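Peer 1: Okay, handing you the structure first.
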Amino acid sequence: MPRLNDQVRELLQEYADLINITGGDAFRARAYEKAARAVGGHPGDLAGLDVKGLQQIPGVGKSTAEKVAEYLTTGKITALETLRAEIPSGVREMMAVPSVGPKRALALYRDLGIASVDELAEAIRADRLGEVAGFGERSGEKILHGIELMRQSGGRTLLDEATELAEQLVAALSAVPGCTRCAYAGSLRRMRETVGDIDVLATAADSAPLMAALTELPYVAEVIGSGPTKTSVRTSQGVQVDLRVVPEEDWGAALVYFTGSKAHNIKLRTMAVRAGLKLSEYGLFRADEPAEGKAASKTRSKTGSKAASKAKSNAEAGEKVVSATEEEVYAALGLPWIAPPLREDRGEIEAALRGELPDLVQESDLRGDLHTHTDLTDGLATLEEMIDTAAARGYSYYAVTDHAPDLVMQRMTDEKMLAQREQLRRLADRHKKLRLLHGTELNIGPDGGVDWPPEFLAGFDVCVASVHSHFTAGRDAQTRRLIRACENPYVHVIGHLTTRRIGRRGPIDVDLDAVFAAAARTGTAIEINSSPQRLDLRDEDVLRAKRHGVRFAIDSDAHATPHLAYPRYGIGTAQRGWLTTEDVINTWPWQRLKRFLRKEAQH
Ligand code: DGT
Ligand code: CA
Ligand code: CA
Ligand code: ZN
């Protein structure tokens, strides 16, 4: 179940979408959209607020406040229910397909009766779209591509929503009498960018109370299956949860097994077989015979008391080897414990055997954030609010990087930027322990140029530069523009390099190796944008960039104070990319970072 604020954000966004789809007042729709963002980014909990209290939130007007208050007291918004009744939910899903939008979704529904994404794909393949005005030659192709993107992430849940849900589940199940251990496993523990379902593992002598507790949670909408070892449910948000309960002595083996990945497990099992062992979710056992003997060795059922079997010789067939912790399981295979984000069979087992596992960067290693926004551009919070929140995180440095003028809708000017710098310098007195950096997020133009001339750029402490336009330029053009941005002595960090939005927009077409080589050569860091919708650069590319000697900045790209917590997700991507503190510039002490930012001195 997402945070209450996020639930309300979703509902207000849906209301805005439905106003748009039904051809309602676009101005009203925008107001609700803005309110949705305001509520989602509001640091305080909405629970218990009344209409007056809700109106105190900047961006929330009276009619929004009334609707939210109605939801808080009755669990429903009547006006939203009315619109929902008018428009099939599939039409709103169509609107979410990249390049469709509300107007086209409505036209498709009204003129062709298309009421779902599946029907839309069908109609395009049958060449029926041409009949509706406003669809050009290549629209069908583009929409199909958009549908494909949505399906690739199809049904997968973003990391922030999955993490919040999993933490609630673990807290609820840990409180059940008889539960001795509980944790989440699967792709979420490995910090994959999206998860197919959430796997929770628990230990108890009797599994029944835990299974019952799961099925009775208020946000569980459907029980898919329930038995003594496994129960699967679906939440009201449509996320599947698998709960497995094992005896306490099997915790280690079960945790390894259900954390995966499948490829990592297969490698481990092969190693176990070679060592005359057998690894399953039930534990680690001595095999009947050495692996060189029979291919498929059967496990003899365990006889005698646990104490007696433990006392028997190691050669005893079918004997359970202690597996109360993951460390014991790995140790029995001759391996050190391997951190879950590495468990993808990308060379981690070989590295472990050589004693060369990376000392992974941790969230607590981060000393600052180098990409954040305020309400001077499209952020929700003021400069003071952002800085106060950053200070509370215990950072030693913090950069404010509002958008630059070429992103025209943000209406940035030289004067505004310089005034913000003054204001930031004044705030420095209030935060003696937090070094404030004045920066900007530049726009990388189609030719690789950026917003301001060198004289103006020289006034910033740090510049992030990102692609915000010309997403469809060809591969050579994209590669050239990014290399040129790296070569700019005032550009310190390339923001969200591929510009993808998970499930919404694919990456730009670019020769990443060429850009990584340029970044390494010029001393330009590449961002791991920690927003759960982006996670850009993604894990495999981080691994590749690291081989080129690239340095990274793990940043929040915060547009509201709660977003300053996003780096926990970027850290997951960094760990999956094998990064250490040596690779990540915003784990470095200020003096070292300062040298890195004096880029021009290096050429
Ligand atoms: P997901 O849910 O698609 O994001 O990915 P996972 O990795 O969480 O996969 P899931 O939920 O199907 O299974 C959880 C873990 O259980 C998986 O990472 C490894 C283990 N597992 C499941 N099925 C198999 C299997 O057939 N063979 C092996 N070796 N392990 C399996
Ligand atoms: Ca899973
Ligand atoms: Ca699963
Ligand atoms: Zn940004």
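Peer 1: With Ala123, Ala85, Ala105 as the choices, which residue is under 20 Å from Asp17 (Cβ atoms) and more than 30 Å from the chain's Cα centre (by Cα)?
Peer 2: Ala85
Peer 1: Of all the strands (runs of 3 or more DSSP E) wholly in region 131-231, which have at least 1 residues that are touching a Ser or Thr at 6+ places or on another chain (Cβ under 6 Å) and over 30 Å from Leu360 (Cβ atoms)?
Peer 2: 220-226
Peer 1: If you scan region 49-65, which residues turn out to be outside any helix (DSSP H, G or I) and either of a type outside the set (Asp, Glu) or at pLDDT below 90 (or both)?
Peer 2: Passing the criteria: Leu49, Gln56, Ile57, Pro58, Gly59, Val60, Gly61.
Peer 1: Go through region 463-492 residue by residue and tally those that are surrounded by fewer than 22 Cβ atoms within 10 Å (Cβ to Cβ), among the β-branched types (Val, Ile, Thr) and more than 17 Å from Ala514 (Cα to Cα).
Peer 2: Residues flagged as surrounded by fewer than 22 Cβ atoms within 10 Å (Cβ to Cβ), among the β-branched types (Val, Ile, Thr) and more than 17 Å from Ala514 (Cα to Cα) within region 463-492 amount to 1.
Peer 1: I would also like to ask the following. Residues that are at pLDDT 95 or above, buried (at least 17 other Cβ atoms within 10 Å of the Cβ) and not in a loop (DSSP other than H, G, I, E, B): does region 268-287 have at least one?
Peer 2: yes
Peer 1: Another question about this same structure. Give Arg521, Arg592, Arg501, Arg534 a once-over and let me know the one that is at pLDDT 95 or above, under 29 Å from Arg151 (Cβ atoms) and open to solvent by 10 Å² or more (accessible area, probe 1.4 Å).
Peer 2: Arg534
Peer 1: Name the one entry in Ala221, Ala212 that is touching a Gly at 6+ places or on another chain (Cβ under 9 Å) and either within 16 Å of ligand 1 (Cβ to nearest atom) or not assigned by TED's automatic domain parsing to the domain that holds Gly75 (or both).
Peer 2: Ala221
Peer 1: On to the next question. Output the residues belonging to region 204-228 that are crowded, with 23+ Cβ neighbours inside 10 Å and away from ligand 3 (no atom under 16 Å from the Cβ).
Peer 2: Leu210
Peer 1: Output the residues belonging to region 337-355 that are under 28 Å from the mean Cα position of the chain (by Cα) and assigned to a loop (DSSP other than H, G, I, E, B).
Peer 2: Listed by number, the residues that qualify are Trp337, Ile338, Ala339, Arg343, Glu344, Asp345, Arg346, Gly347.
Peer 1: Report yes if some residue within region 255-263 is away from ligand 2 (no atom under 16 Å from the Cβ), at pLDDT 95 or above, under 27 Å from Ala205 (Cβ atoms) and surrounded by 21 or more Cβ atoms within 10 Å (Cβ to Cβ); otherwise report no.
Peer 2: The answer is no; no qualifying residue exists.
Peer 1: A follow-up question, please. For region 99-127, enumerate the residues that are of a type outside the set (Gly, Ala, Ser), more than 24 Å from Glu86 (Cα to Cα) and not in a helix (DSSP H, G or I).
Peer 2: Within region 99-127, Asp127 is the sole residue that qualifies.
Peer 1: While we're on this one: Within region 229-251, work out how many residues are away from ligand 3 (no atom under 16 Å from the Cβ) and either buried (at least 21 other Cβ atoms within 10 Å of the Cβ) or under 19 Å from Leu210 (Cβ atoms) (or both).
Peer 2: Counting residues in region 229-251 that are away from ligand 3 (no atom under 16 Å from the Cβ) and either buried (at least 21 other Cβ atoms within 10 Å of the Cβ) or under 19 Å from Leu210 (Cβ atoms) (or both) gives 5.
Peer 1: Would you mention how many residues in region 187-233 are within 14 Å of ligand 2 (Cβ to nearest atom), closer than 30 Å to Asp345 by Cα and of a type outside the set (Asp, Glu)?
Peer 2: So the answer is 15.
Peer 1: Under the condition of being farther than 14 Å from Ala399 by Cα and out of contact with any helix residue (DSSP H, G or I) (no Cβ under 8 Å at 6 or more places or on another chain), which residue from region 453-467 is nearest to ligand 1 (Cβ to nearest atom)?
Peer 2: Ser466
Peer 1: Is it true that Glu441 is modelled with pLDDT of 95 or more, within 30 Å of the chain's Cα centre (by Cα) and charged (D, E, K, R)?
Peer 2: Judged against the criteria, Glu441 is a match.
Peer 1: Just a yes or no: is a residue in region 174-192 modelled with pLDDT of 95 or more, more than 27 Å from the chain's Cα centre (by Cα), on the phi > 0 side of the Ramachandran plot and more than 14 Å from ligand 1 (Cβ to nearest atom)?
Peer 2: Yes, region 174-192 contains at least one residue that is modelled with pLDDT of 95 or more, more than 27 Å from the chain's Cα centre (by Cα), on the phi > 0 side of the Ramachandran plot and more than 14 Å from ligand 1 (Cβ to nearest atom).
Peer 1: Which members of region 422-455 meet the condition of being part of a loop (DSSP other than H, G, I, E, B) and hydrophobic (A, V, I, L, M, F, W, C)?
Peer 2: Leu434, Ile444, Val450, Trp452
Peer 1: Any idea which of (1) open to solvent by 10 Å² or more (accessible area, probe 1.4 Å); (2) more than 25 Å from Val97 (Cβ to Cβ); (3) of a type outside the set (A, V, I, L, M) is the one Asp509 doesn't satisfy?
Peer 2: (2)
Peer 1: Of all the residues that make up region 554-568, how many are over 18 Å from Arg500 (Cβ atoms) and open to solvent by less than 10 Å² (accessible area, probe 1.4 Å)?
Peer 2: Matching residues across region 554-568 total 4.
Peer 1: Additional query: Taking only region 118-153 into account, find how many residues are loosely packed, with under 13 Cβ neighbours inside 10 Å and in contact (Cβ under 8 Å) with a residue 60 or more places away in the chain.
Peer 2: Residues in region 118-153 being loosely packed, with under 13 Cβ neighbours inside 10 Å and in contact (Cβ under 8 Å) with a residue 60 or more places away in the chain: 1 in total.
The values are calculated or read from the model by the stated rules, or taken from the named source; none is laboratory data. Since we're looking at a predicted model, the values are computed, not measured. Cβ atoms come from the backbone with ideal geometry, glycine included; neighbour counts cover every protein chain shown. In case anyone asks, the SASA skips ligands and DNA or RNA and just uses the protein heavy atoms, side chains included. Shrake-Rupley method; radii C 1.70, N 1.55, O 1.52, S 1.80 Å.
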